[in-house]
1. Which condition number in (1) more than 22 Å from the chain's Cα centre (by Cα); (2) touching a residue at least 60 places away in the same chain (Cβ under 8 Å) is the one that residue 148 fails?
2. Quick one: which residue in 23, 32, 69 is within 16 Å of the chain's Cα centre (by Cα), buried (at least 19 other Cβ atoms within 10 Å of the Cβ) and closer than 20 Å to residue 128 by Cα?
3. Limited to the stretch 35-71, what total is found for residues that are out of contact with any strand residue (DSSP E or B) (no Cβ under 6 Å at 6 or more places or on another chain), modelled with pLDDT under 90 and either on the phi > 0 side of the Ramachandran plot or not in a strand (DSSP E or B) (or both)?
4. Return the only residue of 121, 98, 114 being at pLDDT below 90, under 24 Å from residue 71 (Cβ atoms) and under 17 Å from the mean Cα position of the chain (by Cα).
5. Looking only at the stretch 95-120, count how many residues are closer than 20 Å to residue 22 by Cβ and outside any loop (DSSP other than H, G, I, E, B).
6. Of 138, 90, 146, which residue is surrounded by 10 or more Cβ atoms within 10 Å (Cβ to Cβ) and not in a loop (DSSP other than H, G, I, E, B)?
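The values are calculated or read from the model by the stated rules, or taken from the named source; none is laboratory data. Source: prediction; values computed, not measured. Positions of Cβ are generated from backbone atoms using ideal geometry, with glycine treated the same way; all protein chains shown enter the neighbour counts.
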């Protein structure tokens, strides 16, 4: 009974989560209220209907959203609804079992459903975020190599 209630609660919460790519930090704050600072640059954690939603901002626009489903895998219809809300007029294409891509000349994006430390996440990001993240990782790798040469 408890497990059924928890699953139903997660399903209901995921249907009400409407964070969107492109929202400003002020729009997210007005819509979701209190937030916590997360580890990393410009990331805010919101608790929306019992679901944790992480929003990462670049130039004050949400460029990455991560929904935490806990241990219950979301239904395909739930994933499709969240992708639709974050795709605008773009159509999402599933190219692997848990990966999607929305092609757009102005704002291409991708999504992935994955498990980390026994929790299930749906991460949606713009190509702008992906490029920023790769450049950041490349810079950190170069700095590590430079430091190790000094040893």
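1. (2)
2. Being within 16 Å of the chain's Cα centre (by Cα), buried (at least 19 other Cβ atoms within 10 Å of the Cβ) and closer than 20 Å to residue 128 by Cα holds for just one of 23, 32, 69, which is 23.
3. Matching residues across the stretch 35-71 total 5.
4. Criteria check complete, one pass: 98.
5. Looking only at that region, the number is 7.
6. That would be 138, the only listed residue that is surrounded by 10 or more Cβ atoms within 10 Å (Cβ to Cβ) and not in a loop (DSSP other than H, G, I, E, B).
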